[in-house]
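Structure record follows, encoded as structure tokens.
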Amino acid sequence: MKKAIILSAGQGSRLGHLTDDKPKCLIEFNGRTLLDRQLDALAANGVEEAVVVTGFRDDQIEAALERRGDAGPRVRTVYNPFYKVADNLGSLFVAKAEIEGDVLVWNGDTLVSDDLMARVVGNRDQSGICVTIDRKDGYDEDDMKVVVDDEGRLHAIGKRRRNLPPSHRARHPHQRRHHHLVPPRHPPGRAGRSGLDARHRGP
């Protein structure tokens, strides 16, 4: 995999004063921004190109990328003018021209380890769309949930999947108790257990 799309258009208003005038991807963790950590993880695992979808305070993101200088990967931006009213699917639609071949789609508010990124990037034998998930004991209203069948095929995804049996509930990333991806057999996709969001493998 040589290319990633990072969806970083949102403000992150639920974070309160931390994002009053700063996009959430520029919040610092131990002296380094979330965006820097994401780009460094991509570079460490051989991803050569990153497309960052911007929106809220895109000027700050552009300045942050400029400060990286020649640090990999190569980065360019796509602006989402609908960031105030659209979710991540809107950002992905704005970047639809970038979805060609083998592409990793990564939410701009997600941190993962270099080791977990290596497992995702190194998973080269699959075709179709693969969504990576994780499981935990309980889920709140803001958790992204999925419905999968016994063979791991993905049937539904969203925050409002209420009253799902525990065996059919999962959320996107953060925890790392499961690390393998399960290859899709046919559309609409297959759920793997890992820590990012989605990857598309083209012909």
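Here are the numbers:
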{"read-out": "The range 38-63: number of residues that are open to solvent by 30 Å² or more (accessible area, probe 1.4 Å) and either over 19 Å from Val103 (Cα atoms) or free of Cβ contacts under 8 Å to residues at least 12 places away in the same chain (or both)", "value": "6"}
{"read-out": "Filter result for Met144 (among the hydrophobic types (A, V, I, L, M, F, W, C), closer than 29 Å to Arg32 by Cα, at pLDDT below 80 and open to solvent by less than 80 Å² (accessible area, probe 1.4 Å))", "value": "yes"}
{"read-out": "Flag for Ala156 being in a strand (DSSP E or B), under 18 Å from the mean Cα position of the chain (by Cα) and small (Gly, Ala, Ser)", "value": "yes"}
{"read-out": "Options Arg119, Arg135; residue that is crowded, with 18+ Cβ neighbours inside 10 Å and farther than 23 Å from Gly90 by Cα", "value": "Arg119"}
{"read-out": "Single residue of Gly72, Gly16 found to be open to solvent by less than 50 Å² (accessible area, probe 1.4 Å), on the phi > 0 side of the Ramachandran plot and either assigned to a helix (DSSP H, G or I) or at pLDDT below 90 (or both)", "value": "Gly16"}
{"read-out": "The range 87-104 - residue that is open to solvent by 20 Å² or more (accessible area, probe 1.4 Å) and aliphatic (A, V, I, L, M) and, of those, farthest from Gly55 (Cα to Cα)", "value": "Ile99"}
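Yes/no matrix, rows are residues, columns are (1) at pLDDT 90 or above; (2) in a helix (DSSP H, G or I); (3) under 18 Å from Ala118 (Cα atoms); (4) touching an Asp or Glu at 6+ places or on another chain (Cβ under 9 Å):
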residue	(1), (2), (3), (4)
Ala63	yes, yes, no, no
Thr77	yes, no, no, yes
Ala86	no, no, no, no
Ser91	yes, yes, no, no
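The values are calculated or read from the model by the stated rules, or taken from the named source; none is laboratory data. It should be emphasised that the depicted structure is a prediction, and the values quoted were computed from it without experimental measurement. Neighbour counts are summed over all protein chains in view; Cβ atoms, including those assigned to glycine, are modelled from backbone coordinates with ideal geometry. Surface areas here come from the heavy atoms of the whole protein model, side chains and all, with no ligands, DNA or RNA. Shrake-Rupley method; radii C 1.70, N 1.55, O 1.52, S 1.80 Å.
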